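Here is the structure we will look at.
The values are calculated or read from the model by the stated rules, or taken from the named source; none is laboratory data. Keep in mind that this is a model prediction, so the values were computed, not measured. Every residue, glycine as well, gets a Cβ built from its backbone with ideal geometry; the counts of neighbours run over all protein chains shown.
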Amino acid sequence: METLAETCTRLGNCYQSYRRTQRSRIVIENRLRAEIAVDLGYYSRLDEAKREELFAQARGIIDAITSGEEGHDAYRDLVESTHLALDQFAAREKGFKSTAEKIAKKLPVAEWATAPEQKGFGLFSLAKIVGECGDLTSRPGKPEEGGNYESPAKLWKRMCLAPFSFREQTHMGCTWRVYGGRKEIPALPASEWSAYGYSGRRRSVMYTIGESLLKANDGPYRERYLAAKVAAYQNHPDWNWTDCTKCEGNGKAEGATCRTCGGTGKKSKHAHLHAMLLMEKLLLKNLWKAWNPRGSSMRRPCPGTSRRNPPPRSVQGRFQRDVRETPAGRTYLRNRHNIRPAVNHGADTFSVTESIRGP
Ligand SMILES: [Zn+2]
């Protein structure tokens, strides 16, 4: 009987084979197109429009030959023989995909992944995430046992849905990558990139999953997407808003609230990408919960025990009044509802008031 960790490893290997084959196929496709475009007069110093035009022409020739049209004899042998190879790669890709789905079906979350609420997700998307992340089990402090995802936040970070802070600025990976070194955003040094652990490939896997959810899901994920878009419309009037194409700006489509703009009648690319991000985060959070039904095994620190973990604002005043010292050197926090031991951070007289107010 295979353990969960073994199933995840087998799935990971199969997914890597799928990805490798897919990459080889794309490289060959691109080479074939480039070969014909160069023959048609393409060279790198041409202006962009002309380069695009020659590539489109090359694509047209390839499509004509593969769909059985007469003519283009100068390229026929090249295209036909390359496509014989491409078919082999495509068949291998399909085989790996189907095997990955079969392995994913053995995962305890398979039923969750194929439930109607997750429409648009499915077994292959699950296989991709497990292929990129491994075992999603929460085993804090035991990386040697595989999965080390003690909270959904770890999963967000691994799949590049978490922002990164550097020199008092916090941005998402694509902003650091595209605008780093420009627009008053510092360029991230290599050491910071490595601390961030950002991967364009993993981000793109999540984006593809998001696109598929957006197309097929009319349940919780579409709701999350719409809620985020509506909130963005209310909170960010400075984003570039234009009329929603679906409802032509009136917020209603087919007599109901428009499912594209959430009833605001407006669209903005910035808001769309932001809403996609939040929808993808919800998916990973739900996947993590389904994978770890008993929640995190990490002991949560009690509120108010460190600068990073301050008490809720509503009780801060009460904490300040009720800090006590005990002979054992532990500080007790008291509020109306409970008394909890707080961590003594090594200081002789650790003051919680200090941790709330800052030094
Ligand atoms: Zn609309």
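Here is a check on your reading of the model: is A34 among the small types (G, A, S) and either surrounded by 12 or more Cβ atoms within 10 Å (Cβ to Cβ) or at positive phi (or both)?
So A34 passes the test.
Can you tell me which residues in region 224-237 are within 16 Å of the ligand (Cβ to nearest atom) and either basic (K, R) or assigned to a strand (DSSP E or B) (or both)? Break it down into steps so the answer makes sense when it comes.
From region 224-237, those within 16 Å of the ligand (Cβ to nearest atom) are 225-234; that's our starting set.
Correct list: K229 only.
Suppose the filter is more than 16 Å from the ligand (Cβ to nearest atom), assigned to a loop (DSSP other than H, G, I, E, B) and buried (at least 20 other Cβ atoms within 10 Å of the Cβ); does Y221 pass it?
In short, no.
Taken together, S125, S212, S204 contain a single residue that is modelled with pLDDT of 90 or more, buried (at least 18 other Cβ atoms within 10 Å of the Cβ), hydroxyl-bearing (S, T, Y) and assigned to a helix (DSSP H, G or I), which is S125.
Do we have R23 as surrounded by fewer than 15 Cβ atoms within 10 Å (Cβ to Cβ) and within 30 Å of L284 (Cβ to Cβ) here? Let's see the steps before the verdict.
Values: surrounded by fewer than 15 Cβ atoms within 10 Å (Cβ to Cβ): yes; within 30 Å of L284 (Cβ to Cβ): yes.
Criteria met by R23.
Residues in region 238-297 that are in contact (Cβ under 8 Å) with a residue 24 or more places away in the chain, near the ligand (Cβ under 8 Å from one of its atoms) and of a type in the set (A, V, I, L, M, F, W, C): C261 only.
Please verify whether region 135-148 includes one or more residues that are modelled with pLDDT of 90 or more and not in a strand (DSSP E or B).
Kept after step one, since they are modelled with pLDDT of 90 or more, are these residues of region 135-148: 135-136.
When the remaining residues are screened for being not in a strand (DSSP E or B), the result is 135-136.
Scanning region 135-148 turns up at least one residue that is modelled with pLDDT of 90 or more and not in a strand (DSSP E or B).
Looking across region 149-173, the residues that are surrounded by 15 or more Cβ atoms within 10 Å (Cβ to Cβ) and either among the charged types (D, E, K, R) or at pLDDT below 85 (or both) come down to E150, K154, K157, R158.
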